[in-house]
1. Can we say Ser219 is among the small types (Gly, Ala, Ser), more than 30 Å from the chain's Cα centre (by Cα) and not in a helix (DSSP H, G or I)?
2. Looking at the range 231-248, which of its residues are under 22 Å from Gln293 (Cα atoms) and either at pLDDT 95 or above or in contact with a helix residue (DSSP H, G or I) (Cβ under 8 Å, 6 or more places away or on another chain) (or both)?
3. Given the residues Gln236, Gln160, which is the only one that is in the same structural domain as Asp132 (by TED's automatic domain parsing) and in a helix (DSSP H, G or I)?
4. Report, ordered by the first and then the second residue, all pairs with beta carbons closer than 9 Å, sequence separation of six or more or different chains, a first member in the range 151-171 that is more than 24 Å from Asp139 (Cα to Cα), and a second member that is modelled with pLDDT under 90 and of a type in the set (A, V, I, L, M, F, W, C).
5. Quick one: is Ala53 more than 21 Å from Leu140 (Cβ to Cβ), in the same structural domain as Gly112 (by TED's automatic domain parsing), small (Gly, Ala, Ser) and touching a helix residue (DSSP H, G or I) at 6+ places or on another chain (Cβ under 7 Å)?
6. Quick check on the range 65-85. Is at least one of its residues surrounded by 18 or more Cβ atoms within 10 Å (Cβ to Cβ), in the same structural domain as Asn106 (by TED's automatic domain parsing) and more than 25 Å from Arg108 (Cα to Cα)?
7. Would you be able to say whether some residue in the range 97-113 is more than 21 Å from Ala68 (Cβ to Cβ) and assigned by TED's automatic domain parsing to the domain that holds Trp84?
8. Report whether or not Asp117 is part of a helix (DSSP H, G or I), out of contact with any strand residue (DSSP E or B) (no Cβ under 8 Å at 6 or more places or on another chain), among the charged types (D, E, K, R) and on the phi < 0 side of the Ramachandran plot.
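The values are calculated or read from the model by the stated rules, or taken from the named source; none is laboratory data. Quantities reported herein were computed from a predicted structural model and do not represent experimental measurements. Quick reminder, even Gly has a Cβ in these numbers, built from the backbone with ideal geometry, and neighbours come from all protein chains shown.
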Amino acid sequence: MNEIKLNLFFMLSAALFFSTSLYGNSARRLVEEGNQAYHRMDYDPAAELYSKALEADSKATEALFNKANALYRKGDLEGAADAWQQAAVQTRNRDLAARAKYNFGNARFGQGMDQKDKDPQQAIQHLGEGVDAWRQVLDLQPNNKNAAHNIELAKRTIQQIQEQVEKQQQAQQQQQQQKEDLKEKLNQLKQQQENLAQENQQQQQSSQSNTEDLQNKQSHLNEQTRQTLDQMQQMQNQAAQQDSPSNRQSNLEQSIDQMQQAIENQQKAGEDLQKQDLPQAHQSQQQAAEQIQKAIEALNQQSPQSQQQDQNQQQGQNPQESDQQNQEQQPSEQQQEQPKDQQAQSQEETDASQATADQIIKNEGKMKELRKIYIRSQQPVEKDW
């Protein structure tokens, strides 16, 4: 799959307001220790300290938020996403909820990137969840242009994944059609070889034999078989260039091996016919037909891995790691939302991105109003009589 260039506005920020009136001294102390560990990039101890703070005070949603940050830094995207989601649900602080939803969207985006080659459908699902999260951020912070930018980015990425998958499916369908055509050709070669073996046997039983005619027919069939083998080798090269599943290449390789052996026996049959040794030629002809049959059977084989890949391709659709320069805001005791991890861009690119973000914010605002109108329209009307 071709590389997909990404420019994700990234933000990891901590929002800690541990005052004595809100949380106990134990929870506050543990969070402070966790912050210190986080600043040292000791993310395992930091996550553990935040967990202990939550044990000391289950309402310390900011500790849950910071734990998610540490988990993300450790590479535990699923754990980070779960923690941010919990923080967004539990907190009464709108700003913290917006931050948690924003980072949840980023985590889902990262998971989508990780899944792009293994499970495109799952990747699209994660990206879609990221879009939903950023839309919720816009509900809380209508002017958050980073969230608007990321929505547009994720939607474009989903489209690119789908296009790539469609191209792959088309290539695989073309390969499958080539495979079916090849099987038909091999069946024809096998039938012709069996016919020649039968004709050989009939001539052995006849008082008048025409080995020259039989030799010419065998020579012509040998040439057809060589041409088919060349075609098979070209298909193998194309499959390797297109990075097709290795088991399919392996099946084709096994089929090619059998065809090479068939050609050797056909050549031997031609030599035997030239010597007018019909019985020996008949044996070589039969062996050639049997090996062509084995070549057909090799093409028909499908491993469990191939079956699973085909099922995945039928179910769905995937992107690539972005060229990001992620500078995350580390845990602090202030809640300051600042856009992070913006790639260096030219002024034209920045202006274009800004215009796109403004348009998305405007569109999302309209959609929000429409949702409100729809909700009101669904409420029962009280009788006025």
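1. Details: among the small types (Gly, Ala, Ser): yes; more than 30 Å from the chain's Cα centre (by Cα): yes; not in a helix (DSSP H, G or I): no.
When the stated conditions are applied, Ser219 does not pass them.
2. So the first thing to find is which residues in the range 231-248 are under 22 Å from Gln293 (Cα atoms), and the list is 231-236, 247-248.
If the condition is that a residue be under 22 Å from Gln293 (Cα atoms) and either at pLDDT 95 or above or in contact with a helix residue (DSSP H, G or I) (Cβ under 8 Å, 6 or more places away or on another chain) (or both), then Gln231, Met232, Gln233, Met235, Gln236, Asn247, Arg248 are the ones that fit.
3. Numbers: Gln236 fails: in the same structural domain as Asp132 (by TED's automatic domain parsing).
Matching residue, one of Gln236, Gln160: Gln160.
4. Gln160/Ile4; Ile161/Met1; Ile161/Ile4; Gln164/Met1; Gln164/Ile4; Val165/Met1; Lys167/Met1; Gln168/Met1
5. On the way: more than 21 Å from Leu140 (Cβ to Cβ): yes; in the same structural domain as Gly112 (by TED's automatic domain parsing): yes; small (Gly, Ala, Ser): yes; touching a helix residue (DSSP H, G or I) at 6+ places or on another chain (Cβ under 7 Å): yes.
Judged against the criteria, Ala53 is a match.
6. Of the residues in the range 65-85, the ones surrounded by 18 or more Cβ atoms within 10 Å (Cβ to Cβ) are 65-73, 77, 80-81, 83-85.
Cutting the leftovers down to in the same structural domain as Asn106 (by TED's automatic domain parsing) gives us 65-73, 77, 80-81, 83-85.
When the remaining residues are screened for being more than 25 Å from Arg108 (Cα to Cα), the result is none.
No, because not a single residue in the range 65-85 is surrounded by 18 or more Cβ atoms within 10 Å (Cβ to Cβ), in the same structural domain as Asn106 (by TED's automatic domain parsing) and more than 25 Å from Arg108 (Cα to Cα).
7. Of all residues in the range 97-113, those more than 21 Å from Ala68 (Cβ to Cβ) come to none.
Scanning the range 97-113 turns up no residue that is more than 21 Å from Ala68 (Cβ to Cβ) and assigned by TED's automatic domain parsing to the domain that holds Trp84.
8. Working: part of a helix (DSSP H, G or I): no; out of contact with any strand residue (DSSP E or B) (no Cβ under 8 Å at 6 or more places or on another chain): yes; among the charged types (D, E, K, R): yes; on the phi < 0 side of the Ramachandran plot: yes.
Spelling it out, it is not the case that Asp117 is part of a helix (DSSP H, G or I), out of contact with any strand residue (DSSP E or B) (no Cβ under 8 Å at 6 or more places or on another chain), among the charged types (D, E, K, R) and on the phi < 0 side of the Ramachandran plot.
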